[in-house]
Amino acid sequence: MDLDLRKLRYFASVAEHRHFGRAAEQLYIAQPVLSRQIKSLEQELGCTLLLRTTRSVELTTAGKQLYEEAQQLLPSIAAAVRRVHDVEQGVQRLAVAFSPGLHVSDAIRAFASRHADVEIDVIPARWWEQDRPLRDGRAQVGYLRRPFDETGLRVVPIGHEPRVACIPAAHPLACRQELTSADLEGERMLDTSKRRTLTLEEKFELIAAGRNIALIPLGVARSYSRPDLVYLPVTDAPAQETCLAVAADRRERLLRDFLEVAAETLRHS
């Protein structure tokens, strides 16, 4: 069977919002139309994707699998269409992915001063799948933090970034100037391995509510300042390595030039 990409986009929006009304608003279509399209997709696939109640929408096992597949397929297809248009219009484009709290703007400015004719896109990389934009075609190069899946990638080390403890402002430890790992023993730490899909905003809300403490990169702390959270250095916490990453088989001159400029710029920023 041929998979209808429009219906797949509709399904992905409902899966993301867990709500037909909000998904319909995002898609600029009427909710009844969206419901019919999802029902048609389920009929074509021969399986139930969503469990609907008057209050919520939940994904079935099959729905969770399709949503995972859609998150890989749709960005890859959109990137491919963009590349086709660029070739048709004679546009040179470089897309740079970056992890939360890492700033690649200095490198982009330095590169643009030498390649003013190149269009630059920036792509946020989600913290639990930093390498995804490199693999689905949305980005050619990434400014990332280890660890991530380095299979098939060429990695250029840049430096090391300290981690700090993110603590509710009302926590007894919040009055300290610095901490050690021993100070955090017995505290309820946010287990990101079990809650991978939390956004940074959701993580900070949980911490501010007094539910958890987390170790986060210093760059993230500086980018997400808020009065109900305190960030304290943890003197013996291992730092995270920052690096540039690119597909190992990509050797274009433009990409080589960016890696050279970015490595020099970011190491001194």
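The values are calculated or read from the model by the stated rules, or taken from the named source; none is laboratory data. These figures come from a predicted structure and were not determined experimentally. Glycine also receives a Cβ, built like all others from the backbone with ideal geometry; neighbour counts cover every protein chain displayed. Side chains included, ligands, DNA and RNA excluded: accessible areas come from the protein's heavy atoms. Shrake-Rupley method; radii C 1.70, N 1.55, O 1.52, S 1.80 Å.
In the stretch 154-178, what count of residues is obtained for those that are touching a Cys at 6+ places or on another chain (Cβ under 6 Å) and open to solvent by 70 Å² or more (accessible area, probe 1.4 Å)?
0
Which residue out of R93, R82, R132 is at pLDDT below 95 and within 14 Å of the chain's Cα centre (by Cα)? Quick ask: steps written out before the conclusion?
Working: R93 fails: within 14 Å of the chain's Cα centre (by Cα); R82 fails: within 14 Å of the chain's Cα centre (by Cα).
Exactly one residue qualifies, and that residue is R132.
Suppose we keep only residues that are in contact with an Asp or Glu (Cβ under 9 Å, 6 or more places away or on another chain) and more than 11 Å from L66 (Cβ to Cβ) within the stretch 35-47. Which one would you say is most open to solvent (accessible area, probe 1.4 Å)?
To start, the set of residues in the stretch 35-47 that are in contact with an Asp or Glu (Cβ under 9 Å, 6 or more places away or on another chain) comprises 37, 40-41, 44.
Remaining after also requiring more than 11 Å from L66 (Cβ to Cβ): 37, 40, 44.
Details: Q37: 38, S40: 31, E44: 76 Å².
Out of the qualifying residues, it is E44.
Quick one: which of L244, L254, L232 is of a type outside the set (K, R), at pLDDT 95 or above and farther than 22 Å from C175 by Cβ? Break it down stepwise before answering.
Values: L254 fails: at pLDDT 95 or above; L232 fails: farther than 22 Å from C175 by Cβ.
The match here is L244.
Starting from residues that are in contact with a helix residue (DSSP H, G or I) (Cβ under 6 Å, 6 or more places away or on another chain) and not small (G, A, S), keep the ones in the stretch 12-34 and report whichever is nearest to E69 (Cα to Cα).
At the first step, the residues of the stretch 12-34 found to be in contact with a helix residue (DSSP H, G or I) (Cβ under 6 Å, 6 or more places away or on another chain) are 12-15, 17, 20-21, 23-24, 26-27, 31, 34.
Now restrict to residues that are not small (G, A, S): 14, 17, 20, 26-27, 31, 34.
On the way: V14: 15, H17: 17, F20: 20, Q26: 21, L27: 20, Q31: 24, L34: 20 Å.
Filtering first and then ranking leaves V14.
Among all residue pairs at least 6 apart or on different chains, which show Cβ distances below 6 Å where the first residue, located in the stretch 107-121, is surrounded by 12 or more Cβ atoms within 10 Å (Cβ to Cβ) and the second is modelled with pLDDT of 95 or more and of a type in the set (V, I, T)?
The qualifying pairs are A107/T265; A110/V261; A110/T265; F111/V261; I120/I108.
Read through the list (1) within 14 Å of the chain's Cα centre (by Cα); (2) at pLDDT 85 or above, then give the number of the only condition that L59 fails.
(1)
P133 fails exactly one of the following numbered conditions: (1) surrounded by 19 or more Cβ atoms within 10 Å (Cβ to Cβ); (2) farther than 29 Å from L200 by Cβ. What is the number of that condition?
(2)
If you go through the stretch 52-67 one residue at a time, how many are under 20 Å from G21 (Cα atoms) and polar (S, T, N, Q)?
Within the stretch 52-67, residues that are under 20 Å from G21 (Cα atoms) and polar (S, T, N, Q) number 4.
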